[in-house]
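The values are calculated or read from the model by the stated rules, or taken from the named source; none is laboratory data. None of these values were measured; they are calculated from a predicted model. With ideal geometry, Cβ positions are generated from the backbone for all residues, glycine too; neighbour counts draw on all protein chains shown.
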Amino acid sequence: MNFERRAGILLHPTSLPGPYGIGDLGPEAYRWVDFLAGSQTTLWQVLPLGPTGYGDSPYQCFSAFAGNPYLVSPQRLLEENLLHSDDLVNLPPFPAGKVDYGMVIPWKLGLLDRAWQRFTRLPAGEIHAAFAAFREQHAAWLDDFALFMALKEAHGGAPWPTWEAPLRRRKPEALEAARADLETAIERQAFRQFLFFRQWEALKAYANERGVRIIGDIPIFVAHDSAEVWARPDLFHLDEYGNPAVVAGVPPDYFSETGQLWGNPLYRWEAHAAERYAWWLARIRTVLQLVDIIRLDHFRGFAGYWEIPAGEETAVNGRWVPGPGADFFAAVEQALGSLPLIAEDLGEITPDVVALREQFGLPGMKVLVFAFGDDARNPFLPHNYTPDCVVYTGTHDNDTAAGWYQRAPERERDFARRYLARDGSDIAWDLIRAAWSSVAVFSLAPMQDLLSLDNRARMNYPSRPSGNWQWRMAADALSDGLRARLQEQNILYGRTPATARARIGHLE
């Protein structure tokens, strides 16, 4: 595939405004797409769309295939006669500017259960046929996921390695008994997925019709307490009790003297290779039903990854282990053809990582808030870019542009002002202009930067276990003035559909 010069905004659906405590796939999502199309912005980037678990992180989901039921729109359920207007009165006192997951989750799941009950009482019709077709289409992952979630519910949310041995080890007779005992709970879990996929696919079709493509995100690693690790333990380095033998992370670096201990189980890549990466191919196919372009998180892990013995308290005592490398991407290309992939190649990047990315023609990432810490040789400075990259003012993992500037050392701030030829009073838009005007094929900014918000709007602190992923956009944020200002940048720097002509090859 070819990438074409475009611009976009990073905004996770949970950050959309609305009355129900968390952004969802209802009217505000369509208004957001209209804002993008009206400003001739043709990319919308989201974080992983899976069902979040402990810590509410979209990078630690109960499934690598399933969708997040908290994103299901109550308004759309009302329109489909799956809820009654009485279900949406007496709302909890949701805060306006952030997601209070402790308040949202029980309320939202209760609402989805009422929708399920109403669905079971509706006469047979189109929606029942659509649910049956959905279950059949997605059976390869949905059957295990729905059973896994029903079992978690029956065990009070406890992680699967603590379940009884026959269930933990997936003994056929134990699974058969569980399916019989938990039939209604399993159906209810499958129905939640049906609602998510139905609403998301309608939103994606609406975006695509208006010229907006969606960039999704595939985390390289999956959560230990997930349906996939439980269903396919042979694909992961686990001990006899189902616990990780080794875990993922990154080594000590400039940002952390103890590294980052993520705790995800690591793949038995030889087992994946023996199946020609069938599990990964299925994962990519499912994600491509939901998005148009995929950002591969922690791309360097495909070349080599940091392996930490289980039980370590930090990431210091690890080692580098070779990843699947070119064999993996060759198998993907052979099975699925030329794919729209972006390599998240941040962090400790060695020559083998660069070679792997270049071998398969994948654009890498540049981040402008990392650009001003040293001198003109910094690879994140725009004059060092080549077209085969994607530039961001910042990502979900670092501070907002305004927050960065407020906290940066004066030497760094001074270099930024001199480089950008600006006084720093409008630093977020200074960075947006630098990104949009660069040769990078895609330029993107978090919505917080379009709004010039400070550190209080930061989405995630990678070292903080809770209190992340909460920011929500104000209901009046999408003003005509903001739309016009963004459109002007797109027009000036050739990133509109009419002016975008520069292309880079991909997997060619």
The condition from (1) surrounded by 15 or more Cβ atoms within 10 Å (Cβ to Cβ); (2) within 18 Å of Leu346 (Cα to Cα) that Trp320 misses is numbered (1)
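Please enumerate the residues belonging to region 476-503 that are modelled with pLDDT under 95 and within 17 Å of Asp34 (Cα to Cα). Talk me through it step by step, then tell me what you get.
Initial filter on region 476-503 (modelled with pLDDT under 95): 496-503.
Residues satisfying the conditions are Thr496, Pro497.
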Scanning region 349-377 for residues that are under 18 Å from Arg295 (Cα atoms), surrounded by fewer than 17 Cβ atoms within 10 Å (Cβ to Cβ) and in contact with a helix residue (DSSP H, G or I) (Cβ under 7 Å, 6 or more places away or on another chain) gives Ile349, Gln359
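Considering only region 267-302, state which residues are in contact (Cβ under 8 Å) with a residue 60 or more places away in the chain and on the phi > 0 side of the Ramachandran plot. Explain how you work it out, then say what you get.
Applying the first criterion (in contact (Cβ under 8 Å) with a residue 60 or more places away in the chain) to region 267-302 yields 282-284, 286-287, 289-299, 301-302.
Answer for region 267-302, where residues must be in contact (Cβ under 8 Å) with a residue 60 or more places away in the chain and on the phi > 0 side of the Ramachandran plot: just His298.
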Of the residues in region 262-278 that are of a type in the set (A, V, I, L, M, F, W, C) and surrounded by 18 or more Cβ atoms within 10 Å (Cβ to Cβ), the one that is nearest to the chain's Cα centre (by Cα) is Trp262
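Quick one: which of Ala66, Ala29 is hydrophobic (A, V, I, L, M, F, W, C), over 28 Å from Val332 (Cβ atoms) and in contact (Cβ under 8 Å) with a residue 12 or more places away in the chain? Break it down into steps so the answer makes sense when it comes.
Numbers: Ala66 fails: over 28 Å from Val332 (Cβ atoms).
One residue alone meets the criteria, Ala29.
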Filtering region 353-363 down to residues that are not in a loop (DSSP other than H, G, I, E, B) and not charged (D, E, K, R) yields Val353, Val354, Ala355, Leu356, Gln359
Discussion item. Looking at region 159-181, can you tell me whether even one residue there is without any contact (Cβ under 8 Å) to a residue 40 or more places away in the chain, within 22 Å of Pro106 (Cβ to Cβ) and surrounded by 13 or more Cβ atoms within 10 Å (Cβ to Cβ)?
Written reply: no
In region 436-482, residues that are buried (at least 18 other Cβ atoms within 10 Å of the Cβ), closer than 30 Å to Phe3 by Cβ and not hydrophobic (A, V, I, L, M, F, W, C) total 7
In region 115-129, anything surrounded by fewer than 13 Cβ atoms within 10 Å (Cβ to Cβ) and in contact (Cβ under 8 Å) with a residue 24 or more places away in the chain is listed as Leu122
Going through region 42-98 in order, the residues found to be aliphatic (A, V, I, L, M) and within 25 Å of Ile186 (Cα to Cα) are Leu49, Ala64, Ala66, Leu71, Val72, Leu77, Leu78, Leu82, Leu83
